[in-house]
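J.: Let me begin by handing over the structure; questions about it come next.
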Amino acid sequence: MTLKRPIQIALLGCVLLAGFIGFRVWQGPLVPAYQLKTIDLTQNVVATGRIVSTSRVQVNTEIAGVVLERRVKEGDRVNAGDVLIVLRADDLAAKAQEAQASLEQLQRARRPQALAALRQAEAQFAQTQREVKRRRDLFKADSISREVREQAENQENTAKEALEQARLLVASLEPGASEENVLRERLAAAKALLDKTTIRAQVAGTILTRNVEPGDAVQPVGKALLEIARAGDTEILIPLDERNIGNIALGQTGVCIADAYPNRPFQARVNFISPTVDPQRGTVDIRLKIDPVPEGLKQDMTLSVDIVTAERSNTLVIPNDALLSVTGSQAQVLAVQNGKVVRTPVELGLRGLALTEIKQGLKADDWVLLAASAKEGARVRLAPQPIPAHTQGLSSRKETPVKFN
């Protein structure tokens, strides 16, 4: 009797253990699963950009010369008309002086001389006219020969031609006449070239780079002497992956953090989307306007931009690793109902790298399995997994940073 009782207890234990194992087998394997919840979801596009001005102006020379002075350096602010560089060009100065001297010679010497010559020609012509009249009268009275009369007439014709030439010369030397105009244009051209030895700022802005020093020889074709960031709006240029351009719209706000000032975030607004795609990089340039501009920002400074593209309040979300057969806004999930796996179609909303909005097909507190972790119709036991903590209640990041080449 004593031996039978322990045996009975052992048998009972074996039966219970077998029953427990059988129950567990009937329940199915333990698989990881998410219990769906509603949270505030923000869809963001995250990318890397750089500070740029609305435009940059390259300063070049229009003439060849040697740099005599450089009056600005990087970081200097300039206004339109400020002198930036002075070139030495002695030959141009000599040409301008020569043109000025030619004009003064016309006005002070050649014109008075031509007027004097004209008066002399007029007097000479008048004298020959009187002599011709006198000799004709003498010829009529048979006091002189025909040859003597013709000599006087020839002298008159010669004096008349000289008078016409003197008049033409005076006319050509009058103020506003052709010769003076040619000399004035020659002087203006020489002065214009001479003025180009003084290189001035065409726009207001900030000097970004300088590539010359006094003594350098410069040519019209070559590297820019200076580069100026035009004064005006400061922007952020971002080469955005073309796959995400559908989420970007004008007016969207981004939170910006410069690598140099990680604790000083500021806002910017999308104000330009390029109409073309860079075929080499597969990116679309977008620009964000910064207003007001924080202190310390510099041209070409690198920063990260987090652009809010859409927001949902208290919406149902699912981790992306639970989605199957995603096509557009349609997908399937492995839901668990009464302990069995049921393949369930769902409609998707906002999508990101970590979380996606569920618009139809599931509800809060439903359980879904990780994709392809069990077969449809199988019984499973649930191993609860947390919703990804880095996005819960915060955001669904749509893009990793894009780096500049």
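J.: Using a 7 Å offset from Cα along Cα-Cβ at K37, what residues in segment 298-314 end up with backbone N under 19 Å from the label point?
T.: 312-314
J.: Count the net charge of all other residues whose Cβ sits under 9 Å from the Cβ of T315, scoring Lys and Arg as +1 and Asp and Glu as -1.
T.: 0
J.: Can you give the extra length, in nm with one decimal, that the chain gains between R119 and V86 once fully stretched, where that is 0.36 nm per residue apart less the Cα-Cα distance?
T.: Using 0.36 nm per residue and subtracting the Cα-Cα distance, I get 6.8 nm.
J.: Sticking with this one: Per DSSP helix of 4 or more residues, -39500 (n - 2.57); summed, then divided by the residues of the chain. What does that give at 222 nm, rounded to the nearest 500?
T.: The per-residue figure over the chain is -10000 deg cm²/dmol.
J.: Per residue of segment 229-240, what does 6.51 cos²θ - 1.76 cosθ + 1.60 with θ = phi - 60° give for ³J(HN,Hα)? Whole Hz please, x for Gly and Pro, Karplus curve as stated.
T.: Coupling constants for segment 229-240: 7, 4, 5, x, 5, 9, 10, 10, 9, 10, x, 8 Hz.
J.: Please give the length that would be gained between I273 and A260 if that part of the chain were fully extended, namely 0.36 nm times their separation in residues minus their C-alpha to C-alpha distance (nm, one decimal).
T.: 2.1 nm
J.: Here is a further query. At R0 = 35 Å, how high is the FRET efficiency between K223 and T54 if r is their beta carbon distance? Nearest 0.05 is fine.
T.: 0.90
J.: Please go through the residue pairs K95/K191; K196/K298; K37/K375; K73/K289; K95/K196; K223/K298 and name each one whose alpha carbons sit more than 20 Å apart in this structure.
T.: In this structure, K196/K298; K37/K375; K73/K289; K223/K298 exceed 20 Å between Cα atoms.
J.: What does the charge count near Y261 come to, summing +1 for each Lys or Arg and -1 for each Asp or Glu among other residues with Cβ under 12 Å from its Cβ?
T.: 0
J.: Based on the Cβ-Cβ distance of E104 and V293, what FRET efficiency does E = 1/(1 + (r/R0)^6) give at R0 = 56 Å, to the nearest 0.05?
T.: Step by step, r from the Cβ atoms, then E = 0.55.
J.: On a straight-distance basis, which lysines could pair with K140 in a cross-link, Cα separation under 27 angstrom, same-chain partners fewer than 8 positions away excluded?
T.: Within the straight-line limit of under 27 Å, K140 reaches these lysines: K160.
J.: A further question follows. Any chance you could list P(r) for the chain, counting all Cα-Cα pairs in 10 angstrom bins from zero, rounded to whole %?
T.: For the chain, the binned pair fractions read 4, 13, 13, 11, 10, 9, 8, 7, 6, 5, 4, 3, 2, 2, 1, 1, 0, 0, 0, 0 percent.
We did not get these values from a lab; they are worked out from the coordinates using the rules stated. This is a predicted model, so every value here is computed, not measured. Backbone-built Cβ (ideal geometry, glycine too); neighbour counts: all protein chains shown.
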